[in-house]
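Before any comments, here is the structure.
Read-outs throughout are calculated quantities, based only on the coordinates presented, and are distinct from any laboratory measurement. No experiment lies behind these values; they were computed from the predicted model shown. With ideal geometry, Cβ positions are generated from the backbone for all residues, glycine too; neighbour counts draw on all protein chains shown.
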Amino acid sequence: MTDFMNEARSLFNYTQTMRRDFHMHPELGFHEVRTGGIVAKELEALGIEVTKGVGKTGVVGLLEGAKPGPTLLIRFDMDALPIIEDTGAEYASQTQGVMHACGHDGHTAMGLTVAKILHKHREELAGTVKFCFQPSEEGFNGEEVGGAEMMMRDGVLSGPNVDKTLSMHLWNEKPLGWVNVARGPVMAGAEQFSIKLTGKGGHGAAPHVSVDPIVAAAQIVTALQSIASRNVAPLHAAVVSVTTLHSGTAFNIIPHTAEMTGTIRTFDLSVRKTVLERFEQIVRGVAESMGCTVEIKVERVTPAVINNDAVATKVQDTARRLFPETEIDTANYLTMGAEDMAFMQEKVDGCYFFIGSNNKERHLDYGHHHPKFDFDEEALIRGTALMSAAVMDMLK
Ligand code: NI
């Protein structure tokens with residue numbers, strides 16, 4: 001059996017150089033022109049057939065194995081975040097206000113290294129590997145949809161039709177060495193909501209002739225807390241967070257309106273249904289009982305990422321063989337974070353796994369999206385090896 005850890009380790013210089021270059025030159029969603037250009041050039045240098053501009057700045061590479069077989073899409077996200085980097089690293093961002101604070105620089109670098117490894121083993125592959133370098137995972141960034149959906153609109157799941165997907169995330173909540181491959185739901189579905197309350201403005205000293213939308217807003221924030229604690233079963237998961245609340249202009253004026261926005265996260269479809277129903281009932285009921293009129297808008301951001309049992313089981317087997325010293329974590333309620341790979345996994349069976357990447361001793365343990373976020377680059381070796389080995393196992 002091929003020693004993929006060894007192969008990934010022997011290419012570590014390449015992976016690290018690419019990762020640090022991407023880190024120094026981060027690009028926001030749908031602006032990954034430089035990053036996508038380098039990806040295309042590196043894939044083309046291997047003789048992999050490349051299509052650019054799939055989902056605006058996305059890049060797709062096709063590697064055909066020597067024997068016929070299914071098509072496996074492997075996805076790596078490329079976008080950075082609007083954060084001012086504060087790591088002090090020698091490879092820190094050179095673009096003010098933009099930072100790779102989620103590890104997508106590492107994902108892109110691993111994707112290119114996986115391409116090198118699989119290209120070397122193409123004689124052993126029965127099937128096609130579709131490398132999917134995705135833009136704008138972190139949000140819509142002014143477009144109608146995010147990167148995964150944008151690539152799907154441009155047909156990334158067809159020509160050739162994709163049979164299975166694999167994807168992964170470096171995970172800084174867990175130490176280097178830890179690996180999670182779970183069946184079922186692994187990332188939450190996300191909705192965003194906005195609430196506009198309209199009361200009746202007036203003098204701060206005469207509340208009795210006003211309808212105070214601030215009091216109504218406060219009651220709504222409090223009442224919404226009962227959804228997760230009283231409507232969702234204790235062993236299920238849900239989050240309802242009010243994250244903005246704006247109202248008022250001066251200390252002696254009762255304002256006319258109050259506006260709130262926030263997010264709802266769930267894994268399970270039946271839990272989602274309950275939460276959305278209760279959300280609407282509570283907001284409307286409390287607003288009306290306080291004498292306010294209310295407009296409620298709830299929009300789906302992403303569905304939950306649900307791993308297919310058979311695909312995940314296969315990747316678990318691969319991981320156990322590849323990392324005999326590691327006990328593979330198979331817990332599936334890991335994070336309420338959302339991930340737009342969910343859209344592809346809604347259409348095609350797939351597995352999304354996690355590679356532990358923190359190192360407390362080296363202070364590389366800040367959370368994702370933190371201005372000091374950085375990870376132990378050894379994790380890139382493990383991620384590269386597991387992705388390569390999983391593809392080989394699935395296209396044998
Ligand atoms: Ni991320």
Exercise. Once the Cα gyration tensor of segment 239-311 is diagonalised, what are the square roots of 5 times its eigenvalues, in whole Å and ordered largest first, as equivalent ellipsoid semi-axes?
Worked result: 34, 14, 8
Problem set entry | Length added when fully stretched, residue 269-residue 310, from 0.36 nm per residue minus Cα-Cα | 12.7 nm
For this session: Using only alpha carbons, build the gyration tensor for segment 67-226 and give me the equivalent ellipsoid semi-axes, biggest first, whole Å.
Result: 45, 21, 16
For this session: Find which of 81, 247, 113 sits farthest along the positive direction of the dipole of the chain, computed with +1 on the beta-carbon of Lys and Arg, -1 on that of Asp and Glu, about the Cα centre.
Result: 247
Seminar exercise, completed: Under the 7 Å Cα-to-Cβ spin-label approximation, residue 34 and residue 205 lie apart by a distance in nanometres of 6.0
Exercise. Once both axes come from the Cα atoms, what is the angle between helix 269-289 and the longest principal axis of the chain, in degrees from 0 to 90, rounded to 10?
Worked result: 20
For this session: Towards the positive end of the charge dipole of the chain, with charges on Cβ (+1 Lys, Arg; -1 Asp, Glu), say which of 50, 380, 392 has the farthest Cα.
Result: 392
Problem set entry | Fewest-first ranking of 244, 165, 95, 266, using other Cβ atoms within 10 Å as the exposure measure | 244, 95, 165, 266
Seminar exercise, completed: segment 1-31 scanned against label point 7 Å out from residue 393 along Cα→C-beta; backbone N under 19 Å for 1-9
Exercise. Translational D (Stokes-Einstein, µm²/s) of segment 288-359 at 10 °C and 1.306 mPa s when Rh comes from the Kirkwood sum over C-alpha pairs?
Worked result: 103
Problem set entry | Residue among 252, 141, 13 with the largest mean-square fluctuation in a Gaussian network model of the chain, springs linking Cα atoms under 10 Å | 252
For this session: List the equivalent ellipsoid semi-axes of segment 328-396 in whole Å, largest first, each obtained as the square root of 5λ for an eigenvalue λ of the Cα gyration tensor.
Result: 25, 18, 11
Seminar exercise, completed: the chain, Gaussian network, Cα under 10 Å: of 356, 184, 337, the residue fluctuating most is 337
Exercise. With each pseudo-label sitting 7 Å past Cα toward Cβ, what's the residue 173-residue 378 distance in nm, one decimal?
Worked result: 2.3
Problem set entry | Stokes-Einstein diffusion coefficient of the chain, Kirkwood radius over Cα pairs, 10 °C, 1.306 mPa s, in µm²/s | 71
For this session: Compute the Rg to Rh ratio over segment 189-301 from the alpha carbon atoms, using the Kirkwood formula for Rh, and round to two decimal places.
Result: 1.03
Seminar exercise, completed: Kirkwood calc, segment 86-162, C-alpha pairs only, radius in angstrom 15.2
For this session: Report, in debye and to the nearest 20, how large the dipole of segment 189-301 comes out about its Cα centre when Lys and Arg carry +1 and Asp and Glu carry -1 on their Cβ.
Result: 160
For this session: Report the calculated FRET efficiency for residue 246 and residue 84 (r = Cβ-Cβ distance, R0 = 22 Å), to the nearest 0.05.
Result: 0.35
For this session: Pop the C-beta distance of residue 288 and residue 331 into the FRET formula with R0 = 51 Å and round what comes out to the nearest 0.05.
Result: 0.75
For this session: Please determine, in degrees from 0 to 90 and to the nearest 10, the orientation of helix 378-394 with respect to the longest principal axis defined by the Cα atoms of the chain, where the helix direction is its Cα long axis.
Result: 70
Exercise. Kirkwood hydrodynamic radius (Cα pairs, Å) of segment 263-396?
Worked result: 18.3
Problem set entry | Peptide ranges 324-332, 376-384, 191-199 listed from the most packed, as the mean C-beta count within 10 angstrom indicates | 376-384, 191-199, 324-332
Exercise. Of 294, 211, 199, which is farthest on the positive side of the dipole of segment 189-301, counting Cα position, with +1 on Lys and Arg Cβ, -1 on Asp and Glu Cβ, and the Cα centre as origin?
Worked result: 294
Exercise. Tell me, in nm to one decimal, what length is gained between residue 67 and residue 126 on full extension, where the rule is 0.36 nm per residue of separation less the Cα-Cα distance?
Worked result: 20.8 nm
Exercise. Expressed as an acute angle from 0 to 90° and rounded to the nearest 10, what is the orientation of the C-alpha long axis of helix 309-322 relative to the principal long axis of the chain?
Worked result: 50
Exercise. If all Cα-Cα distances of segment 12-111 are sorted into 10 Å bins from 0 onward, what percent lands in each bin, rounded to whole numbers?
Worked result: 15, 45, 28, 9, 2
